[in-house]
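J.: My questions will all concern the structure given below.
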Amino acid sequence: MEKSRRTFIRQASIAGAGVMLAKTGLSAKSYKRIIGANDRVRVGVVGFSDRHKSSHMPCFMNHYKELNFEVVAVSDIWNRRREEGAAAWSKKMDNTVKAYRNNEEMYGAKSVDAVFMSTADFQHARHCAEAVRAGCDVYCEKPFAETMEDARFALKAVKETGKIVQIGSQRRSGANYHAADEFIKSGQFGPITMVELTWNVNQPGRWRRPDVVPLLKESDTDWKRWLMNRPYEAFDPRKYLEFRLFWPYSSGLPGQWMSHQIDTVHWFSGLKHPRSVTANGGIYMWKDGRRNWDTISAAFDYGPANDPASGFQVTFASRMHNGDDDPSELYYSNGGELNLVTNKVTAKGGLTEKMAKAMGMKANLLPEISLKNTEKVVTSANTGGDALTSNHVRNWMECVRSRKQPNAPVEAGYSHAIALIMTNAAAHTGLKATFDEATQEVMVGGKVFKY
């Protein structure tokens, strides 16, 4: 009887689909993917990484029962991580979670509706494209891409399939960041004239895996599959497990940290990417065989492409030594400062009424206000189930059901990827990097930048 009732409801829903499509504007292809209120969303894990284990897992556990989600599969090409992941999730779900040797096996089994993706930085875009083509919604860790070829490839796949993709830029799920965005867009702040971004930590072991590196044997994984579309290099467990230290598998500081902060610039300003970037730095402290710098400074010119006389500058500076673990995001207008460390807007540094009067102009005097803030940015390597990420995971889960765009849609990832790749281009060539709108390529010295 219950089965007949469910069948009737499902048939009635299908019969009414035409009306719903007309009201929502969804295509028939997109409508097929709407999950019913009582249907459990089956989730797969692409890469049982430290990030997934320490952050995605506790955040998912905060919401999965209420939203009726369940992890059912783990795909990892390293047998050790694969078995650990399946065992850990089986215990959490109190059910058997299947382990797959690779994504092709998992998607071929038609066993998942959505996936968490936290593989190596250079793999995100390709893995994202693979997932949406297999019919899955995606929570994709940042950076979205480290090359424009990969960024375009993934963006095209997401747009063509209509899948829900949340980029792991969790600031977009923070109350203070939403308050800052609203205040700037209200016009009260005045035009942005400068943004200063810093991210300094003193964490000697950050991105190192000395305890795990000796455990990885080439025979226990699929090195060629791991390399994907990067040039072939002989197997190296350090590059596999400590990829954030080695170009071209990661850009390190820009990809890991700058991508978070530059994303807020795009969000608040409405601009999609810089007009130009210069960068410099080096390995000044940690002489441990890494390729990626432990210190970097980059300068960005932002503004409309058709109006070079207007715009503002952004600076990003980061070091992995002598740091206070307190990322700073300071927005300036001629009226004052918006500080995302203190979460206050003040008239600090702004043009005073006396100064304005002397110049025969009107001062934009900013009131001192506090931005709503219920979440703190966590900068440790293991953020745990922090409030920002928990909010962000929940937002993704809700959007998988509603089919609304999440807080950090794929376009946000594409934009931060452009800024990131421009920074990489400037850092690796010593030249000013620009962006060609027509070809969607990053340019240096009149040539397309290639890693």
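The values are calculated or read from the model by the stated rules, or taken from the named source; none is laboratory data. For clarity, every value in this text was computed on a predicted model and none was experimentally measured. All Cβ positions, glycine included, derive from the backbone under ideal geometry; neighbour counts span all protein chains shown. SASA here: full protein model, heavy atoms, side chains in, ligands and nucleic acids out. Shrake-Rupley method; radii C 1.70, N 1.55, O 1.52, S 1.80 Å.
J.: If you take the beta carbon distance between Lys354 and Thr439 as r and set R0 to 51 Å, what does 1/(1 + (r/R0)^6) give as a FRET efficiency, to the nearest 0.05?
T.: Step by step, r from the Cβ atoms, then E = 0.50.
J.: Taking the mean number of other Cβ atoms within 10 Å as a proxy for protection, how do you rank 297-303, 390-396, 125-131 from highest to lowest? Walk me through the intermediate numbers first.
T.: Working: 297-303: 20.6, 390-396: 23.1, 125-131: 24.7.
Taking the mean over residues of other Cβ atoms within 10 Å, the ranking is 125-131, 390-396, 297-303.
J.: What's the angle, to the nearest 10 degrees (0 to 90), between helix 124-133's Cα axis and the longest principal axis of the chain?
T.: Taking the Cα atoms of the chain, the angle to 124-133 is about 40 degrees.
J.: Would you mind classifying segment 304-441 by shape? Square roots of the alpha carbon gyration tensor eigenvalues, ordered a ≥ b ≥ c; an a/c under 1.5 is rounded, otherwise it is prolate if a/b is larger than b/c and oblate if not.
T.: Details: a/c = 1.63, a/b = 1.23, b/c = 1.32.
Oblate shape, in that a/c is at least 1.5 and b/c is the bigger or equal ratio.
J.: Name the residue from Ala88, Val132, Val158 whose Cα lies farthest towards the positive end of the charge dipole of segment 77-186, charges +1 on Cβ of Lys and Arg and -1 on Cβ of Asp and Glu.
T.: Ala88
J.: Just to confirm, what accessible area per residue do you get for the chain at 1.4 Å probe, in whole Å²? Intermediate values should be presented prior to the final figure.
T.: Values: 20180 Å² over 451 residues.
On a per-residue basis, the chain sits at 45 Å².
J.: How high is the relative contact order of segment 37-90, in percent, counting Cα pairs under 8 Å that sit 6 or more residues apart?
T.: 49
J.: Show me 138-151, 195-208 ranked by packing, highest mean number of other Cβ atoms within 10 Å first. Spell out each step's value before the answer.
T.: Numbers: 138-151: 26.3, 195-208: 17.7.
Ranked by mean Cβ neighbours within 10 Å, highest first: 138-151, 195-208.
J.: Taking only C-alpha pairs under 8 Å that are 6+ residues apart, what is the relative contact order of the chain in percent? List each step's numbers first, then the result.
T.: Values: 870 pairs, mean separation 86.6, N = 451.
19 percent.
J.: To test your reading of the geometry: what angle, between 0 and 90 degrees and rounded to tens, separates the Cα axis of helix 410-429 from the longest principal axis of the chain?
T.: So the helix axis and the longest Cα principal axis differ by about 60 degrees.
J.: Check the straight Cα-Cα distances from Lys142 and name the aspartates and glutamates below 15 Å, setting aside those fewer than 8 residues away within the same chain.
T.: Straight-line reach from Lys142, under 15 Å: Asp50, Asp121, Asp150, Asp263, Glu411.
J.: Let me ask something else. Any idea what % of Cα-Cα pairs in segment 189-258 are farther than 19 Å? Walk me through the intermediate numbers first.
T.: Values: 1186 of 2415 pairs.
I get 49 percent for the Cα pairs in segment 189-258 exceeding 19 Å.
J.: With a 10 Å radius around each residue's Cβ, average the other Cβ atoms per peptide and rank 169-180, 63-74, 431-442, highest first. Mind showing how you got there, number by number?
T.: On the way: 169-180: 23.0, 63-74: 18.7, 431-442: 16.7.
Descending mean neighbour count gives 169-180, 63-74, 431-442.
J.: Net charge around Pro406, counting only other residues with Cβ within less than 13 Å of its Cβ (Lys, Arg = +1; Asp, Glu = -1)? Mind showing how you got there, number by number?
T.: On the way: positive: Lys163, Arg172, Arg394, Arg401, Arg403, Lys404; negative: Asp137, Glu398, Glu411.
Local charge sum for Pro406: +3.
J.: Explain nothing, just the number: relative contact order of segment 127-236, from Cα pairs under 8 Å at least 6 residues apart, as a whole percent. Each step should come with its number before you reach the end.
T.: Values: 54 pairs, mean separation 21.1, N = 110.
Result for segment 127-236 is 19 percent.
J.: Against the longest principal axis of the chain, how steep is helix 387-402, in degrees 0 to 90 to the nearest 10, with axes from Cα atoms?
T.: 50
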